[in-house]
1. How high is the relative contact order of region 1-90, given as a whole-number percent (alpha carbon pairs under 8 Å, six or more residues apart)?
2. Provide the net charge surrounding residue 69, with neighbours chosen by a C-beta distance below 14 Å and charges set as Lys +1, Arg +1, Asp -1, Glu -1.
3. In nm, give the distance between the simple-model label positions of residue 65 and residue 124, each being 7 Å from the Cα along the Cα-to-Cβ direction.
4. Pop out the ³J(HN,Hα) list for region 9-18 in order, Karplus 6.51 cos²θ - 1.76 cosθ + 1.60 with θ = phi - 60°, rounded to Hz; leave Gly and Pro as x.
5. Using a Förster distance of 30 Å, how high is the FRET efficiency between residue 73 and residue 50, based on the Cβ-Cβ distance and rounded to 0.05?
6. Looking only at trypsin sites (Lys or Arg not before Pro) in DSSP loops with at most 16 other Cβ atoms within 10 Å, what is the longest site-free stretch of the chain?
7. Using a 1.4 angstrom probe, figure out how much accessible area the chain has per residue, in square angstrom, rounded to the nearest whole.
8. Mean separation of Cα pairs under 8 Å and 6+ residues apart, divided by the residue count of region 77-135: what relative contact order is that in percent?
Amino acid sequence: MAFSGNFMCTSFKVEVLKGVHNFTGASDKFKLAMYTNSASFNAATTAYTSGNEVSGTNYTAKGNAVTTVTPVASGTTALVDMNNVVFTNVTLTGVRGALIYNEAASGDPSVCVLDFGADKAASAGDFTVVMPTADASNAIIRIA
């Protein structure tokens, strides 16, 4: 079992301080790629890889775009909301998790790892990755 939880990538934390990622500008393009349980992802994951990425009908390598919402503050926590990511009319099996990464930055640096908790599938239908509530306790990206 390779997926073992959800992680904000350590490299992402450093890159935020270096100004690598811009969640408000049109210059950065964030994507979500999906993987089988053979992928080895954790907090040390640094970039997109095609290794163990799922394949199936209507799934495109490197995944789908993630639409981000301008960062805001909630109390003393800064957060970024992301819209749900929909893979339309796909047939996929063995989807265990995902990687959100910045395709516009050099080297496709990782943002976070998502563990779906079990293998998921879709058969000629939509596969939707539902993002958590955008608040100080649950947002997909938050800095407290």
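1. 30 percent
2. Here the count lands on -2.
3. 2.9 nm
4. 5, 4, 4, 4, 4, 5, 5, 4, 5, 8
5. Efficiency at R0 = 30 Å is approximately 0.25.
6. Longest run free of exposed loop sites: 63-144.
7. Per-residue value: 48 Å².
8. After rounding, I find 48 percent.
The values are calculated or read from the model by the stated rules, or taken from the named source; none is laboratory data. Only a predicted model underlies this, so the values are computations on that prediction, with no experimental measurement involved. When we count neighbours, we look across all protein chains shown, and the Cβ atoms used for this are built from the backbone with ideal geometry, even at glycine. Just the protein is used for accessible areas: all its heavy atoms, side chains included, with ligands, DNA and RNA removed. Shrake-Rupley method; radii C 1.70, N 1.55, O 1.52, S 1.80 Å.
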